[in-house]
Amino acid sequence: MENKSNRKSRRDFLKLTAIGTAAASLAPLSGSFAMNAEEHSDVLPSVVSPQPPKEKRKSAMGLSCEPIETVRIAVIGVGMRGSDAVRRLLQVEGVKILALCDPVLQLVKESNKTITDAGLPAAAEYTGDTDWQKVCERNDIDLVYSCTPWYLHTPIAVYAMKCGKHIATEVPAAMTLDECWQLVNTAEETQRHCMMLENCCYDFFEMATLNMARNDVFGEILHAEGAYIHDLRWLKFAEENKGGYYHQWRLEYSRKHNGSLYPTHGLGPIAQIMGINRGDRFDYLTSMSTKQAGMSLYAAAKYGAGSPEALQEYKLGDMNTTLIHTVKGHTLMIQHDTTSPRPYNRIHLISGTKGMAVKYPEQNIALEPSAHEFLKKEDFDALMQKYEHPLSKQIGEKARKVGGHGGMDFIMDYRLIYCLRKGLPLDQDVYDAAAWSSIVQLSEISVNKKSRSIEVPDFTRGAWVNAQPWPIVTIE
Ligand SMILES: NC(=O)c1ccc[n+]([C@@H]2O[C@H](COP(=O)([O-])OP(=O)(O)OC[C@H]3O[C@@H](n4cnc5c(N)ncnc54)[C@H](O)[C@@H]3O)[C@@H](O)[C@H]2O)c1
């Protein structure tokens, strides 16, 4: 059973430290999905030159589906992230949560209480390890919303689509190239939406800089940088009953994998700004990791220098830097560091022929003709006001009240439901989910081969050439 006060303190920490993430464990994963985590570990280093499947399928680029007046949702995984999703979704118009699924009964009960406290009928409860399949099979669900550990993202997404449901899944959507292709193939076969819930695309500065980019404020954007720098060591080592993750699942990945394990928070917003999969695409990458030090030092301090935790191997180098080259000759740098004593940082730097913007550690913009200095505060504020994204203009105030990483989580949910209700294409589609998530395994392959250049598959099968960049959307 979960310890309520510990889970609460972890939630509070995660709220304070912006993006909370996931964990893996020293203890072996148990239950029927232990094999999934193991399979991920075994398959990673062996894949060198991934190839797309040969057969031709109908594209899911720009996919629009029948409008859904009331979106009936099942939330699978109601731990830290999923329980907050339940709270937020209840505040979006046109939503019903009909099913909750998690092997930890107490968590299901707590989320159901959130629903009934809002004066709504309780959702059906599922608590078996494989009950997510039964949930996907229900005939009264439109959208499966999955907030489970990484190794369950693709299995649940694929099964949900095969059952005719749209899927919204937490980040990364896939941990291997094979899983990326499974998502693409299934979305194309079923013509169902597969959205990775990359909430950072909906943060206020990220959306404003997207709007500026679309209005040519930065000129041709040649280079961009993003990161996930977040010291998560205590959380990785926290036991499940003391505020840690389910079966300490993130620690397992730190033990067994190197590379950019969690790339999409930094990558998603800059990939959208640079029109990746819409006019340009990732071509190849090279990746390099430092040695590992932080996990061992932390474990020695916590458990003792001679403890198994301190002595065991952690493959994940503390800082990973991945450089991606696009077909159009642009570059992106992505960093991942969850084990160094550093302040939280996603960088979010955009550099073009007319100027640049950066978010961390301080929001700043520099523009020609005096780009050698950042804009003065009043000029910065005026620019931000001029280019505030229509979505944040329209629902930013409510989003800040509802919360979820300062409001971006609510904007993401709101926009997802809005598009489903209107029958519009989603802002992030299955090709984004696959391309952004593919960096997990591709970076590991490159790191393991002395940073050799590795090709990124074209998950769109050529559709990126004519696809249009994400538009500056408004809501009625
Ligand atoms: N986008 C963000 O800002 C953000 C923030 C935090 C976490 N996340 C992501 O959300 C996901 C969940 O992270 P978390 O922090 O909530 O971790 P968590 O361990 O608290 O939650 C995972 C939940 O999944 C449940 N689960 C495990 N096996 C299951 C199964 N077979 N069927 C159904 N449920 C199962 C667990 O019981 C647990 O409640 C991860 O993918 C993580 O990367 C994203």
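The values are calculated or read from the model by the stated rules, or taken from the named source; none is laboratory data. It should be emphasised that the depicted structure is a prediction, and the values quoted were computed from it without experimental measurement. Here the Cβ positions follow ideal geometry from the backbone for every residue, glycine too, while neighbour counts run over all protein chains shown.
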Residue identified as assigned to a helix (DSSP H, G or I), in the same structural domain as L267 (by TED's automatic domain parsing), more than 16 Å from the chain's Cα centre (by Cα) and of a type in the set (V, I, T) among V440, V447: V447
Some residue of the stretch 390-402 being in contact (Cβ under 8 Å) with a residue 60 or more places away in the chain, within 16 Å of the ligand (Cβ to nearest atom) and surrounded by 16 or more Cβ atoms within 10 Å (Cβ to Cβ): yes
Tally, over the stretch 84-121, of residues that are in a helix (DSSP H, G or I), surrounded by fewer than 22 Cβ atoms within 10 Å (Cβ to Cβ) and within 11 Å of the ligand (Cβ to nearest atom): 3
Positions within the stretch 171-198 being of a type outside the set (A, V, I, L, M, F, W, C) and either buried (at least 24 other Cβ atoms within 10 Å of the Cβ) or under 15 Å from L426 (Cα atoms) (or both), in sequence order: P172, E179, E188, Q191, R192, H193, E198
Odd one out for Y418, checked against (1) at positive phi; (2) over 18 Å from the mean Cα position of the chain (by Cα): (1)
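What residue, among those in the stretch 279-288 that are surrounded by 24 or more Cβ atoms within 10 Å (Cβ to Cβ) and not aliphatic (A, V, I, L, M), is nearest to S446 (Cα to Cα)?
Within the stretch 279-288, the subset surrounded by 24 or more Cβ atoms within 10 Å (Cβ to Cβ) is 281-282, 285, 287.
Of the ones still in play, those that are also not aliphatic (A, V, I, L, M) are 281-282, 287.
Details: R281: 19, F282: 15, S287: 5 Å.
That would be S287.
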The one condition in (1) surrounded by 21 or more Cβ atoms within 10 Å (Cβ to Cβ); (2) away from the ligand (no atom under 11 Å from the Cβ); (3) over 22 Å from P457 (Cα atoms) that S146 fails to fulfil: (2)
Test: residue in the stretch 398-419 that is touching a strand residue (DSSP E or B) at 6+ places or on another chain (Cβ under 7 Å) and closer than 23 Å to A157 by Cα: yes
Selection within the stretch 226-238 - surrounded by 22 or more Cβ atoms within 10 Å (Cβ to Cβ) and within 19 Å of C200 (Cα to Cα): G226, A227, Y228, H230, L232
